[in-house]
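Below is one structure, written out as structure tokens, with a few remarks after it.
The values are calculated or read from the model by the stated rules, or taken from the named source; none is laboratory data. Keep in mind that what you see is a predicted model, and the values were worked out from it rather than measured. Here the Cβ positions follow ideal geometry from the backbone for every residue, glycine too, while neighbour counts run over all protein chains shown. Remember, those area values only see protein heavy atoms, side chains included, never the ligands or the DNA or RNA. Shrake-Rupley method; radii C 1.70, N 1.55, O 1.52, S 1.80 Å.
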2 protein chains.
Amino acid sequence: MTYDIRLIAPSGYPHDVPAVRRGVERLEAAGHRLSGLDVLDRRQLRFAGTDAERAGDLNALVEGPLPDVVLAIRGGYGVHPLLPLLDYEGLRRLATAPVALIGHSDFTALQCALLARSGVVTLGGPMLASDFGAPRLDALTWDHVWHVLASDQAEVAWESPGTPAVAVEGTIWGGNLAMLTSLAGSPYFPEVDGGILYIEDVAEPPYRVERMLYHLIHAGVLTRQKALVLGDFTSYRVAEYDNGYDLPLAFDRVAAAAGIPFVAGLPFGHGPTKVTLPFGSAGRLEVSGGRARLVFAGHPRPKTP
Amino acid sequence: MTYDIRLIAPSGYPHDVPAVRRGVERLEAAGHRLSGLDVLDRRQLRFAGTDAERAGDLNALVEGPLPDVVLAIRGGYGVHPLLPLLDYEGLRRLATAPVALIGHSDFTALQCALLARSGVVTLGGPMLASDFGAPRLDALTWDHVWHVLASDQAEVAWESPGTPAVAVEGTIWGGNLAMLTSLAGSPYFPEVDGGILYIEDVAEPPYRVERMLYHLIHAGVLTRQKALVLGDFTSYRVAEYDNGYDLPLAFDRVAAAAGIPFVAGLPFGHGPTKVTLPFGSAGRLEVSGGRARLVFAGHPRPKTP
């Protein structure tokens with residue numbers, strides 16, 4: 001299956017030119033048809049264009065023919081200033097159209113707003129530069145995104161040694177933890193009850209991860225979920241001051257306070273290997289014998305010919 | 001004037017033993033009577049004691065004789081896990097008692113909760129180890145805290161070159177920006193309308209400061225204030241990727257989006273020089289000819305003999 005893929009750049013400008021080139025070449029070599037390549041040339045300060053230009057990438061989806069896939073080129077920072085500039089009424093069109101918006105990291109903030117304000121389910125998954133353009137293309141990352149786009153029901157399985165048995169159903173949503181917390185208390189934060197929340201982050205020391213999770217507890221978010229799935233937490237350091245405190249301890253502390261199961265080991269985050277997961281559609285999480293499995297359906301998919 | 005000062009340790013353990021000693025010695029040399037010194041010996045992981053012990057410091061204020069001043073020993077991280085453990089009904093006593101709780105940094109989260117849940121006005125100001133125990137005691141920091149504690153009406157004036165004229169009245173509140181945003185959308189975040197909000201932060205790159213301020217815009221907080229007063233933003237770095245983007249530009253972008261005056265230059269933050277300011281009582285901000293002045297009254301004060 002090959003797709004019409006339109007690039008968008010809601011966040012930072014692409015600084016890694018070879019990565020961008022590799023990403024474009026690999027997608028085109030696989031038969032996909034790319035559009036929106038002009039966003040790769042925009043640059044204003046640390047952003048991929050002005051706020052109006054970056055919001056325009058999204059608002060352009062309100063009218064005209066739609067691609068199969070809308071792909072963020074990379075993360076960084078830049079979604080937050082756009083949130084008041086989006087045409088949420090017009091973007092409701094995407095909730096029923098056969099189009100999948102894909103990205104992660106800063107993109108998580110956009111996924112929050114699109115679900116909260118337009119009812120649009122999106123996908124957390126690879127981006128052009130950082131993933132499709134990685135020096136070495138990750139096989140799981142590549143295979144899983146096409147599996148999800150091509151399947152009515154998709155799944156991911158991983159080892160989660162020592163995790164007690166879990167069997168829950170609910171709305172699957174999540175992404176970057178800092179982006180989720182950065183919209184708490186705003187109209188861009190989706191109301192998800194009884195969900196299965198997945199999180200990842202990069203370069204956040206354990207005490208900040210703990211603080212962000214307490215934020216989700218205090219804001220009434222985490223305690224309303226059926227389970228928390230932990231993706232990758234990479235590039236962080238502990239200091240001598242931490243005195244034995246580390247990320248697993250932080251998760252233990254917060255799990256006790258939240259009173260819901262935490263399931264570690266999901267291959268999703270800022271590392272090279274990442275699965276593609278829905279933000280806002282239904283699924284089932286099962287853990288048994290130290291093996292976890294997430295099955296989901298009803299996620300956005302391109303039309304099949 | 002000398003005071004009964006009780007130490008509390010809601011956050012990190014004191015790692016700088018000479019600083020603690022200097023802080024204690026300077027306060028005692030000035031005639032103040034310190035209690036609660038046992039909190040200085042507690043240590044669990046990166047915290048100054050267990051969550052229950054640290055919450056106990058606060059809940060101990062519900063009964064018995066009160067000191068004149070309750071002083072946090074230092075910041076770090078640790079208030080968030082305590083928030084569900086505090087006796088907010090009992091702590092309402094502090095709202096009418098002649099006692100001043102003082103601190104900053106992580107302490108800001110406690111100030112939010114005490115105002116939101118117990119109606120208690122506190123003070124943002126120096127702490128035992130980091131300020132009273134600094135290698136060189138800062139004269140403004142030292143003088144201003146005693147000025148505020150001894151005065152029905154207190155004030156601070158500073159240079160704010162290039163700032164247009166401002167004259168507003170409202171509730172003065174604020175502190176560490178990351179702590180403020182970390183409680184947005186929770187019952188521990190105070191509802192302040194028409195206020196004068198002051199902020200500071202440390203080691204947060206400009207794009208994160210911008211993101212946090214957008215959080216306060218999106219959560220409906222910043223646009224409801226009459227002015228934002230910018231304290232110190234220290235120990236941050238910009239990268240080559242920032243491409244000319246820097247903190248003043250970030251503030252310009254957010255000020256335009258918020259539509260309220262931003263007044264820079266307040267001597268408050270993680271630097272050595274910091275004034276003492278109320279969190280929750282009334283004041284007036286005036287800027288004229290590049291000079292700013294904040295006057296306030298009704299803040300918590302010890303009894304005068």
Ascending list, in nanometres, of distances separating the B:Arg284 label from those of the other copies (7 Å, Cα toward Cβ): 6.8
Compute the accessible area per residue over chain A, keeping the other protein chains in place, probe 1.4 Å, unit Å². 35 Å²
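Using Cα-Cα distances under 8 Å and only pairs 6 or more residues apart, what relative contact order does chain A have, in percent?
Worked out over chain A, it gives 21 percent.
Rg(Cα) of the protein assembly as shown divided by 2.2 N^0.38 Å?
The reported ratio for this selection is 1.01.
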Average other protein chain Cβ within 10 Å of Cβ, residues A:183-193: 4
Cross-link candidates for A:Lys226: which lysines have Cα within less than 24 Å, leaving aside residues fewer than 8 places away along the same chain? A:Lys274
Amide H proximity to A:Phe47 below 5 Å, modelled H, separation 5+ or other chain, gives A:Tyr13
Estimated distance in nm for a label pair at A:Asn243 and B:Glu63, the labels positioned 7 Å out from Cα along Cα-to-Cβ: 2.8 nm
Step by step: find N for chain B, compute 2.2 N^0.38 Å, then divide the Cα radius of gyration by it. What's the final number? 0.95
Cut-off 10 angstrom, C-alpha nodes, Gaussian network model of chain A. Which of A:Leu123, A:Leu94, A:Leu85 fluctuates the most? A:Leu85
With a 1.4 angstrom probe the carbon and sulfur portion of accessible area for segment A:142-250, in percent, totals 49 percent
Using just the C-alpha positions of segment B:154-297 as equal point scatterers, what log10 of I(q)/I(0) does the Debye formula give at each q in 0.13 1/Å? -0.53
Accessible surface buried upon A-B contact (total; probe 1.4 Å; Å², nearest 100): 3600 Å²
Please give, to one decimal in nm, the separation of the simple spin-label points placed at A:Glu28 and B:Arg93, each 7 Å out from Cα toward the Cβ. 7.4 nm
Between the label point of A:Trp142 and that of the same position in each other copy, find the distances and list them shortest first in nm, with every label point placed 7 Å from Cα along the Cα-to-C-beta direction. 6.7
At most 12 other C-beta atoms within 10 Å and a DSSP loop state: those are the exposed trypsin sites (Lys or Arg not before Pro) I care about. Give me the longest piece of chain B that has none. B:1-135
Could you pull the copy-to-copy label distances for A:Ala167, with points set 7 Å along Cα to Cβ, in nm to one decimal and sorted shortest first? 7.2
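Can you give the helix-only mean residue ellipticity at 222 nm for chain B, where every DSSP H stretch with n ≥ 4 adds -39500 (n - 2.57) and the sum goes over all residues, rounded to the nearest 500 deg cm²/dmol?
When only DSSP H runs of four or more count, the value is -7500 deg cm²/dmol.
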Assigned charges on the beta-carbon of Lys, Arg, Asp, Glu; the protein assembly as shown dipole about Cα centre (debye): 200 debye
Taking the rotation that carries B onto A, look along its axis and tell me which residue of B has the beta carbon nearest to it, distance in whole angstrom. B:Gly185, 1
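Let a ≥ b ≥ c be the square roots of the eigenvalues of the Cα gyration tensor of segment B:122-213; is it rounded (a/c under 1.5), or, if not, prolate (a/b larger than b/c) or oblate?
The shape class here is rounded.
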Count the DSSP beta bridges whose two residues both fall in chain B, then state the antiparallel fraction as a percent rounded to the nearest 5. 50 percent
Hits among aspartates and glutamates - C-alpha to C-alpha of B:Lys303 under 12 Å, sequence gap 8 or more where chains match: B:Asp4, B:Asp68, B:Asp152
Can you bin every Cα-Cα distance in segment A:4-152 into 10 Å intervals starting at zero and give me the percent of pairs per bin, rounded to whole numbers? 12, 46, 35, 7, 0
